[in-house]
Structure formats: structure tokens, C-alpha cells
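Engineer: Before anything else, here's the structure in question.
Please treat every number below as a calculation from the coordinates, not as lab data. Since the structure is predicted, the reported quantities are computational estimates derived from the model, not experimental observations. For neighbour counting, all protein chains shown are included, and Cβ atoms are generated from backbone atoms with ideal geometry for every residue, glycine included.
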Amino acid sequence: MAEAWQAHPFGFPNAFLGLIAEPVVIAIAVASLGGVRFPRWFMLSAQVVYTLGLVFAYWLFTQSMFVIGALCPWCLLVTVSTTLVFASLTHVNIRDGNLPLPPRLQRWARDTIAADIDAIGTVAWLVLLAAAILAKYGTALFA
């Protein structure tokens, strides 16, 4: 899998992206837990950048699963963790009104997160991913 062009589409190993991005994500999370309130522009920028990261993670997932035909534990961990961080960041940005949404959509989104429907949706999505992996590789996983 490391020999495939998908392992380094930018000319360096994909792992370098994680080595650069994840410490930033962790620093933002720790600062937020410590009570830091980042400006709206910063959180909106984080949402945009992490959305691009999510798209890239799922592109890599589909490439490994359907094109290369092999899954690596590291790739699966990145896909799951990226999904969870994206869901959490989106939750916070909706709650704090950082996303430029129309008022009606903003109210619906806030009601959705207040009822924990976003968490249920995230878990359902991850279960769906696991089911897809089991459907494609089930016999090989347990052989």
C-alpha cells in the first residue's frame, strides 16, 4: 500500500500531513477545554480546513478499500478519528453560531445538536463504515 501513488499524492508520505495537522487540532482542543474562546473567523477557518481533511481522509479510505484493495489499521484509525473530530468541531461551531448559516437552518442545526441527533448520526455513520468493511473483507479479517 505504501508503494501506491495514493500514499504520497503531494510528493511526500501522507503521514506527514497528520504530523503537522494533529498537534494543531490537539492544541485547539486543549485550549478550548481550558476556556479559551477563539474568534469566529478562526473557528470558521478551522472548520473549512478540517472539512478538507475529512474529504482527503475519505478519499484515502475509498482508494484503499476499492482501488488498492487493502486496508491498513493506521488508515482506519485516521478515518475514524477524523470523522470524530469533524463531528465535534461542527457541533461546537453550530452551538456557538460560528458558521454562516441562514437563521432558519441555524435554528434547525441548534435543535439537532441539542437533541444529540448529531452524535447519533456520527455513530450510525461509523457503524455503516464498519459494516461496509465487514461486507468486503469479513472473511479475510477473521481468517
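Engineer: So what J values fall out for region 48-64 if you push phi through Karplus, 6.51 cos²θ - 1.76 cosθ + 1.60 with θ = phi - 60°, rounded to Hz, Gly and Pro as x?
Structural biologist: Those phi angles translate into 5, 5, 6, 5, 4, x, 5, 4, 5, 4, 6, 5, 4, 4, 5, 5, 5 Hz.
Engineer: Fewest to most neighbouring Cβ within 10 Å: what's the order for 61, 66?
Structural biologist: Result, fewest neighbours first: 66, 61.
Engineer: Which ³J(HN,Hα) values, rounded to whole Hz and listed in residue order, are derived for region 29-41 from phi using the Karplus coefficients 6.51, -1.76 and 1.60 in 6.51 cos²θ - 1.76 cosθ + 1.60 with θ = phi - 60°, glycine and proline given as x?
Structural biologist: 5, 5, 4, 5, 4, x, x, 5, 10, 7, x, 4, 4
Engineer: How do 78, 92, 30 line up, fewest other C-beta atoms within 10 Å first?
Structural biologist: 30, 92, 78
Engineer: Whole-Hz Karplus ³J(HN,Hα) for region 71-87, in order, using 6.51 cos²θ - 1.76 cosθ + 1.60 and θ = phi - 60°, x for Gly and Pro?
Structural biologist: Per residue, the Karplus-derived 3J(HN,Hα) values read 10, 10, x, 4, 4, 5, 4, 5, 4, 5, 5, 5, 4, 5, 5, 4, 4 Hz.
Engineer: Now a separate question. Ignoring everything except DSSP H segments at least 4 long, calculate the 222 nm mean residue ellipticity for the chain; use -39,500 (n - 2.57) per segment, divide by total residues, nearest 500.
Structural biologist: -24500 deg cm²/dmol
Engineer: Would you please give the FRET efficiency between residue 84 and residue 142, computed as 1/(1 + (r/R0)^6) with r the Cβ-Cβ distance and R0 = 35 Å, to the nearest 0.05?
Structural biologist: 0.85
Engineer: Sticking with this structure for a sec: Using the Cα centre as the reference, give the magnitude of the dipole from point charges on the C-beta atoms of region 6-143 (Lys, Arg: +1; Asp, Glu: -1; all else neutral), rounded to the nearest 20 debye.
Structural biologist: 260
Engineer: Moving to a separate point now. Looking at (1) -0.24, -0.30; (2) -0.29, -0.36; (3) -0.34, -0.42, which value of log10 I(q)/I(0) by the Debye sum over Cα atoms at q = 0.09, 0.10 Å⁻¹ comes from a calculation on the structure shown?
Structural biologist: (3)
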